[in-house]
1. Among the residues of the range 78-94, which ones are touching a helix residue (DSSP H, G or I) at 6+ places or on another chain (Cβ under 9 Å) and either within 15 Å of residue 38 (Cβ to Cβ) or within 16 Å of ligand 1 (Cβ to nearest atom) (or both)?
2. Do we find a residue being more than 16 Å from the chain's Cα centre (by Cα) and more than 18 Å from residue 28 (Cβ to Cβ) anywhere in the range 105-114?
3. Among the residues of the range 65-122, what is the count of those that are within 16 Å of ligand 3 (Cβ to nearest atom) and surrounded by 20 or more Cβ atoms within 10 Å (Cβ to Cβ)?
4. Given the criteria more than 16 Å from the chain's Cα centre (by Cα), part of a loop (DSSP other than H, G, I, E, B) and either under 20 Å from residue 150 (Cα atoms) or within 11 Å of ligand 2 (Cβ to nearest atom) (or both), does residue 68 qualify?
5. Would you mind stating whether residue 49 is within 16 Å of ligand 1 (Cβ to nearest atom) and closer than 22 Å to residue 149 by Cβ?
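Just so it is clear, none of the values below were taken in a lab; they were calculated from the coordinates. A quick note: this is a predicted structure, and the numbers were derived from the prediction, not measured. Glycine also receives a Cβ, built like all others from the backbone with ideal geometry; neighbour counts cover every protein chain displayed.
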Ligand SMILES: [Ca+2]
Ligand SMILES: [Ca+2]
Ligand SMILES: [Ca+2]
């Protein structure tokens with residue numbers, strides 16, 4: 001019973017947090033610090049960087065090598081403990097996902113500050129893959145597109161699907177005409 005009560009309270013806190021336009025966590029992270037979360041140094045902080053945290057966590061847990069570049073691994077080890085608990089794990093990936101949501105527009109799934117056909121195509125690929133049974137099984141090893149998971153629900157109805165991809169395309173088409 002206690003656990004149930006706790007989870008209801010937790011759910012209430014989470015739903016409250018999502019209603020807030022900005023929360024205090026974002027304010028605590030300076031832009032300078034945020035830039036350090038570009039672990040693969042491609043100039044964008046996006047789903048690829050979230051996936052790198054998950055891959056690194058998996059490396060630490062299993063001892064297997066997943067990340068090919070040592071410099072990327074070093075960047076992660078130096079900067080990816082976002083919640084400062086001295087462990088790099090899925091919580092840090094979740095924190096980065098929250099930050100990415102706060103700092104980018106819904107629909108800009110690759111976080112390049114433009115909502116265009118590339119974003120629509122990523123949403124469509126994500127939706128197509130996740131609707132494939134085989135892909136669901138392999139999801140952990142392949143890695144979902146965490147940028148789409150964070151920012152793909154363009155019509156904000158709680159589901160990421162082909163309607164989001166087409167809404168992004170419609171928005172892109174109307175913007176490029178005007
Ligand atoms: Ca990056
Ligand atoms: Ca941590
Ligand atoms: Ca984009």
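1. Selection gives 79, 80, 82, 92, 93.
2. Within the range 105-114, one or more residues are more than 16 Å from the chain's Cα centre (by Cα) and more than 18 Å from residue 28 (Cβ to Cβ).
3. Going through the range 65-122 one residue at a time, the tally reaches 11.
4. no
5. Considered against the rule, which asks whether it is within 16 Å of ligand 1 (Cβ to nearest atom) and closer than 22 Å to residue 149 by Cβ, residue 49 comes out as yes.
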